[in-house]
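Novice: Sharing a structure with you now.
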Amino acid sequence: MFFLPKDLDDYIVNHSQDEPQILKDLTRETHLKVLQPIMLSGAYQGRVLSMISHLRAPKRVLEIGTFTGYSAICLMEGMPDGSELVTIDINEELEDFAAAYLTRFRESGKNQITVHQKNGDATEIIPQLEGTFDLVFIDADKPNYVTYFHQIMEKVTSGSLIISDNVLWHGKVVEDVKPKDSSTPVLLEYNRLLKEDSRLQTVLLSVRDGLTLSRVL
């Protein structure tokens, strides 16, 4: 989703860090073999996620929505050796696809990161996870965003970061909600929760389809 003129967006991308080769390969294979490749984080957003991860250097990361593994690799770029990534996706058909790229990344020098791929309904898996997380990335089914919010707030501590994707939802958050639209009303509530929750410091970034960064106080 592009909210800026394409020539300006291209300029921004061209003056940001280049996308690593492994992610170029992942993107190409995703477009060739997987339905809805638009679900990829993409080069620019991926560099934003990588930068945030490098700044925070999280030792334990939870990702809700693995897809083909693009955003997981971006987050792993900033994770120190000995850290742990838990990534959840409901589509079991993509599990091996993502696993191959996650393994390739680890074998290229990040082999000290432990990766746990979990397949199934995230709303059922999250409550079963033990411990807390330094960083949580939410990029899954929009109707469950509010549910995810309440669940992950039990899994974070002061200083933890919560990154939420697609929070502008193709601009629908500022349009009249259509009767059959089940996602936009939830995102409107979700965005309100992030802004108003006194436990968080939140800024909504106009990165691609909207990316919210929240810090737990």
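Novice: With the cut-off at 1.5 for a/c, could you classify the chain from its C-alpha gyration tensor as rounded, prolate or oblate? Could you put the intermediate results ahead of the total?
Specialist: On the way: a/c = 1.35, a/b = 1.10, b/c = 1.23.
Judged from the Cα gyration tensor, the chain comes out rounded (a/c under 1.5).
Novice: If I model a spin label as a point 7 Å beyond the Cα along the Cα-Cβ vector, how far apart are those points for Arg199 and Val174 in nm?
Specialist: Simple spin-label model gives 3.1 nm for this pair.
Novice: Moving on to the next point. What is the percent carbon and sulfur in the accessible area of the chain, measuring with a 1.4 Å probe over the protein chains and ignoring ligands?
Specialist: Numbers: 5700 of 11110 Å².
Taking all protein chains in place, the chain shows 51 percent carbon and sulfur surface.
Novice: Let me ask something else. Taking only the C-alpha atoms, wrap a convex hull around segment 59-126 and report its volume per residue in Å³ as a whole number.
Specialist: 64 Å³
Novice: For segment 34-155, report the accessible area per residue in Å² (1.4 Å probe, heavy atoms, rounded to an integer).
Specialist: Normalised by residue count, the accessible surface of segment 34-155 is 43 Å².
Novice: By average Cβ neighbour count within 10 Å, what is the ranking of 128-139, 188-199 from highest down?
Specialist: My ranking of the peptides, most packed first, is 128-139, 188-199.
Novice: Can you figure out the FRET efficiency of Glu107 with Leu35, using R₀ = 30 Å and their beta-carbon distance, to the nearest 0.05?
Specialist: 0.60
Novice: Hey, another quick one. Rounded to the nearest 5, what % of DSSP beta bridges with both residues in the chain are antiparallel?
Specialist: Given both bridge residues lie in the chain, the antiparallel proportion sits at roughly 35 percent.
The values are calculated or read from the model by the stated rules, or taken from the named source; none is laboratory data. On a predicted model such as this, the values are computed, not experimentally measured, just so you know. Cβ coordinates were reconstructed from backbone atoms using ideal geometry, including for glycine residues, and neighbour counts include every protein chain displayed. Remember, those area values only see protein heavy atoms, side chains included, never the ligands or the DNA or RNA. Shrake-Rupley method; radii C 1.70, N 1.55, O 1.52, S 1.80 Å.
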